[in-house]
Amino acid sequence: MRDMSDIRNIVILTGAGISAESGIDTFRAGANGGPSLWEQHRVEDVATPEGFARDPELVLRFYDMRRAAIQTKKPNPAHFALARLDAQWPGELVIITQNVDDLHERAGAKRVLHMHGEHLNAWCTSCDVRSPWTATLIERPACPVCAARTLRPDVVWFGEMPYGMDAIYAALGTCDLFVSIGTSGAVYPAAGFVQNAVELGADTLELNLERSQGSRMFHETRLGRASELVPAWVEEILM
Ligand code: BJW
C-alpha cells in the first residue's frame with residue numbers, strides 16, 4: 001500500500017452494509033443468516049423489467065413500502081464520516097453508491113453518484129424525465145411533466161444499465177485508492193470495480209462485516225461494523 005501522503009484521488013464504493021445500522025435491511029442474508037430484503041420476494045419478481053411487466057402492482061407496492069420506510073431512517077456514523085471526508089479531502093473524491101436511499105446526502109455528502117438510482121425519484125418512461133418523488137406510485141399518478149401515467153421507480157433493475165458508468169470508469173482510471181464499504185460483491189458491474197482499480201494501479205481497501213466475494217482482490221481488508229470502521233479510517237486518512 002502507498003504511503004497516505006501519496007494518495008490524492010479516492011473512489012469509494014458503498015453498498016447496503018453502510019445503511020444496515022440505520023435500520024435498512026441488506027439484500028442478501030449474510031453468513032450469520034441476518035434479515036434479507038429478498039426473503040419475501042423472488043428477485044426476478046421485483047427487481048427486473050420482466051417482473052415489472054408481469055405484475056406492476058406487486059413491484060410498485062414493494063417499492064412504495066421501501067420508499068416510505070427510508071424516509072423514517074437516519075444516517076449513521078459511517079455516513080457522517082464519509083460526508084466529513086468529502087468536505088475536507090482536497091483531492092478528487094467520489095462516493096459511488098449502489099444504495100437507493102439518500103442517507104449519504106442527508107449526512108451532508110456532496111460528491112455522490114447513485115449508480116443504481118434513487119428511491120426518492122420517479123422516472124416517467126413516456127417523457128424520460130425523472131422527478132423528485134416521496135409519495136406512492138401504486139395508484140399510477142400522472143407525471144408532473146407530461147401527465148402520462150407511466151411513472152416507475154427510478155432504480156436500476158437486473159439487465160438494465162447502471163447510471164454514470166462513463167464517469168465511474170473515468171474516476172477509477174485516475175484513482176490512487178479504491179475503498180469498498182458494506183457490499184457483498186455479488187452484483188456486477190460494481191463487483192468488478194476492484195479489479196479495474198487494481199489493474200490501473202490503485203491501492204484497494206475493503207471495509208465490511210465479512211469478506212466479500214471479491215475479497216482476495218483487495219490489498220487490505222478490515223472486518224467489522226461500518227459505523228466503527230469507517231469513522232476510524234476517515235480519521236486516519238485525514239491526519
Ligand atoms: C455490513 C454491515 C455493517 C452488513 N457494516 N458491513 C454474470 C457475470 C457478470 C454479470 C452478470 C452475470 N449474470 C448477470 C449479470 C449482470 C447482473 C448481475 O450482476 N447479476 C449477478 C446476480 C451475477 N447485473 C446487472 O444486470 C446490472 N446491469 C448490467 O450488468 O448492465 C450491463 C453492463 C455491461 C457492462 C458495463 C456495465 C453494465 C444491473 C444491476 C442492478 C442491481 N440492482 C439492485 C436493485 C436496485 C433497486 C432496489 O434497491 O431494489 O441493486 S440488486 C441489489 O444488489 C441492489 C444493490 O445495490 C445490489 C448490491 O447489493 P449490496 O449493496 O452488495 O448488498 P448485499 O446485501 O448483497 O451485501 C451487503 C454487505 O454488507 C454484506 O457483505 C454484509 O456482510 C455487509 N454488511 N451489515 C458493514 N453493519
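The values are calculated or read from the model by the stated rules, or taken from the named source; none is laboratory data. Being a predicted model, the structure only gives us computed values, none of them experimental. Here Cβ is always computed from backbone atoms with ideal geometry, including for glycine, and neighbour counts include all displayed protein chains.
Checked against (1) in contact with a Lys or Arg (Cβ under 8 Å, 6 or more places away or on another chain); (2) β-branched (Val, Ile, Thr); (3) part of a helix (DSSP H, G or I), Ile138 passes all but condition (3). Within the range 182-206, the residues that satisfy the criterion of being near the ligand (Cβ under 7 Å from one of its atoms), outside any helix (DSSP H, G or I) and aliphatic (A, V, I, L, M) are Ala186, Val187. Here Leu85 meets the list (1) away from the ligand (no atom under 12 Å from the Cβ); (2) surrounded by fewer than 20 Cβ atoms within 10 Å (Cβ to Cβ) almost entirely, failing just condition (2). Taking the criterion of being within 11 Å of the ligand (Cβ to nearest atom), part of a loop (DSSP other than H, G, I, E, B) and either in contact with a Ser or Thr (Cβ under 7 Å, 6 or more places away or on another chain) or closer than 19 Å to Gly201 by Cα (or both), the residues of the range 158-181 that qualify are Phe158, Gly159.
Here Leu37 passes the criteria (1) among the aliphatic types (A, V, I, L, M); (2) surrounded by fewer than 18 Cβ atoms within 10 Å (Cβ to Cβ); (3) at pLDDT below 95 except the one numbered (2). For the range 212-234, which positions are in contact with a strand residue (DSSP E or B) (Cβ under 7 Å, 6 or more places away or on another chain) and within 8 Å of the ligand (Cβ to nearest atom)? Passing the criteria: Ser212, Ala226, Leu229.
Candidates in the range 133-157 are the residues that are of a type in the set (Val, Ile, Thr) and out of contact with any Asp or Glu (no Cβ under 7 Å at 6 or more places or on another chain); of these, the one that is farthest from the ligand (Cβ to nearest atom) is Val145.
One residue alone among Ala109, Ala78, Ala135 is farther than 28 Å from Ala171 by Cβ and either within 16 Å of the chain's Cα centre (by Cα) or at pLDDT 95 or above (or both), and that residue is Ala135. Applying the set (1) in contact (Cβ under 8 Å) with a residue 40 or more places away in the chain; (2) more than 20 Å from the chain's Cα centre (by Cα) to Gln40 leaves exactly one unmet item: (1). Residues considered: Ile24, Ile96. Of these, the only one that is within 21 Å of Trp157 (Cβ to Cβ), touching a residue at least 24 places away in the same chain (Cβ under 8 Å), touching a Leu at 6+ places or on another chain (Cβ under 6 Å) and outside any helix (DSSP H, G or I) is Ile96. Here are His119, His104: which of them is in contact (Cβ under 8 Å) with a residue 60 or more places away in the chain and either in contact with a helix residue (DSSP H, G or I) (Cβ under 9 Å, 6 or more places away or on another chain) or part of a loop (DSSP other than H, G, I, E, B) (or both)? Selected residue: His104, the only one of His119, His104 that is in contact (Cβ under 8 Å) with a residue 60 or more places away in the chain and either in contact with a helix residue (DSSP H, G or I) (Cβ under 9 Å, 6 or more places away or on another chain) or part of a loop (DSSP other than H, G, I, E, B) (or both). Scanning the range 1-17 for residues that are assigned to a loop (DSSP other than H, G, I, E, B) and either over 23 Å from Gly214 (Cα atoms) or more than 16 Å from the ligand (Cβ to nearest atom) (or both) returns Met1, Arg2, Asp3, Ile7, Arg8, Asn9. Against the definition (in contact (Cβ under 8 Å) with a residue 60 or more places away in the chain, touching a His at 6+ places or on another chain (Cβ under 6 Å) and among the charged types (D, E, K, R)), how does Arg84 come out, yes or no? Criteria not met by Arg84. In the range 214-228, the residues that are in a loop (DSSP other than H, G, I, E, B) reach residues that are more than 11 Å from the ligand (Cβ to nearest atom) with C-beta atoms within less than 6 angstrom, at least six apart or across chains, in these pairs: Gly214/Val194; Phe218/Thr204; His219/Met1; His219/Asp203; His219/Thr204.
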